[in-house]
1. Considering only region 348-388, how many residues are part of a loop (DSSP other than H, G, I, E, B) and of a type outside the set (Phe, Trp, Tyr)?
2. Among the residues of region 112-135, count how many are closer than 25 Å to Val398 by Cα and part of a helix (DSSP H, G or I).
3. Of (1) modelled with pLDDT under 90; (2) farther than 29 Å from Cys318 by Cβ, Thr145 satisfies all except one. Which?
4. If you check Ala215, Ala210, which single one turns out to be more than 30 Å from Arg52 (Cα to Cα), small (Gly, Ala, Ser), modelled with pLDDT under 95 and crowded, with 18+ Cβ neighbours inside 10 Å?
5. Take residues that are under 30 Å from Ile479 (Cβ atoms) and in contact (Cβ under 8 Å) with a residue 12 or more places away in the chain and tell me which of the strands (runs of 3 or more DSSP E) falling wholly in region 276-347 contain 2 or more.
6. If Gly236 satisfies every condition in (1) at negative phi; (2) in a loop (DSSP other than H, G, I, E, B) but one, which is the exception?
7. (1) without any contact (Cβ under 8 Å) to a residue 60 or more places away in the chain; (2) closer than 30 Å to Ser355 by Cβ; (3) of a type in the set (A, V, I, L, M): which one isn't true of Met177, the others all being true?
8. Identify all residues within region 100-126 that are charged (D, E, K, R) and farther than 29 Å from Ile234 by Cβ; write none if there are none.
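The values are calculated or read from the model by the stated rules, or taken from the named source; none is laboratory data. These figures come from a predicted structure and were not determined experimentally. Cβ placement follows ideal geometry from the backbone for every residue including glycine, while neighbour counts extend to all protein chains displayed.
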Amino acid sequence: MDTKFMLDMCKLSNSQQSKHITILGAGVAGLVAAYELERMGHTVDIMEGSPRVGGRVWTHRFGNEQDAPYAELGAMRIPSDHQHTLHYVKELGLADKLCKFVTVFEEQNAFMNIEGNIFRMKDAPRLLQERYQGIFTDTRYSEKTRLFAAWLKTIVNTISPGNLRESLDADLKSHLMDELERLDLEPYFSEDGETIDLNSFIKDHPSFRARCSKALDMFLGDIIVETSHDLLQIKGGMDQIIQRLVASIKASITCNQQVVAMRVRDGYTEIDYLSNGEKHTRRCEYVLCTIPFSVMRKMELEGFDERKLDSIHNTIYCPATKVAFHTQSAFWEKQGIKGGASFSGEGVRQSYYPSVKFNPNSGSVMLASYTIGDDADRMGNMSYSERHNYVKNIVSKVHPELQSNGMVADVASIAWGNYKWSAGGCTVHWSDDMSDESNHTISYLEAARPQNTLFFAGEHCSKYPAWLQGSIESTLEAIYDIVSHKHSTVAATKFSSIGTVHAKTTQTNQNRELVQVA
């Protein structure tokens, strides 16, 4: 946390009258905003459209016991350099629960399913080139170049959506193999030559990324983070951040209030919302909107300038689908797997194992499938039973134990692309159409730009899309802008406030009812 930034906000707060801010959305962005604004002496209330708080932080617990095994259906990891996120983890008394998140490619005993051939991660180098034909067997290139390219293809295939997998294949055939051949790749192989350090390679050779397609270049930045050895998690569930923020906020948090219209006026914002099937209108002195643009674009919007409307309607959202199995036992541990992820292949993609211990009497949990992009769309359009059976059948090719009677005790899943309150897993700065290199920068800056007294925050307003860091950083910047904003001269208006108060209870039971959302 930038201390100077916070001090500046406090000075601004102390020098001005208290303001009333209506916060739309009770995800991490909205809750952090309420927490900080209240500490500065401002009045807030929070309207949430869905029946639950937390947004895309969603920990599903398989049981009511305190130590019941759980799966993260939303945010599940924190990069160690995301200081804004870690500040709140520590501030909320959760620092002692931080522990390492073992990610994909870190567990050498995990499995890979490449075109129906199943082998251990540690055996991949001897098998990759046999499976990949064409450019990967071209003897014009050195063995190091071919092996490095095969690893790169495997990493991208494991993590990325289909269009980017195709983009890498095209780039390798046209020019990237030549680029790799001229570089010294030796330092990026492990001592035994079994694995590569893609993170270090990408950081040391920005010219390689510059020669990739624009979309692939940006996605490689995401891969660097996702395959980092310095990822963290919160033992006991990421939703503890949400629970402790809620407990620290005095303001009312009212769920089941769906905003259906926003009208920007001179000096205030007018909102229409549905509550108990009835439509209500309220005038708000200040509004901080953390609702995803994928949801907001379906509303009636008035008083927005054309650039802002363009941002709302054209910000790109990537679907994501997760399927978690509550298993009778952690059978994978007998195979030497203590975390990390397998590449289960086909449309299932990544299968993650827990790197925290659960009470063995309660079984365990594996995130059997985590997909984004076109893979997530296909799975999201299946019915619950079709989706769960599909994942079970595919992952069983790697782990036949899943077919044992009673091994899968329960299943939870969510298709964020079809979830009413997000209509997407996260925003992305890469897409099929990357005709303008600066588009990704303009998009988040424009997304964050206010309209009179209507301000915006969330991961879509940040240079850290898909991460809690982005939601929090954009929130702090929006708070600064709200606190420092000077009201234009307007006729005196009595701003309404929400009278109903949402009880601050844990969301465990509501979460259980809401999972398996198609």
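1. Residues in region 348-388 being part of a loop (DSSP other than H, G, I, E, B) and of a type outside the set (Phe, Trp, Tyr): 10 in total.
2. Adding up the residues that qualify gives 11.
3. Going through (1) modelled with pLDDT under 90; (2) farther than 29 Å from Cys318 by Cβ one by one, Thr145 breaks only (1).
4. On the way: Ala210 fails: crowded, with 18+ Cβ neighbours inside 10 Å.
Residue meeting the stated conditions: Ala215.
5. Here the list reads 278-284, 286-289, 300-302.
6. Here Gly236 meets the rest and fails (1).
7. Looking at each condition in turn, Met177 falls short on (2).
8. Glu115, Arg120, Lys122, Asp123, Arg126
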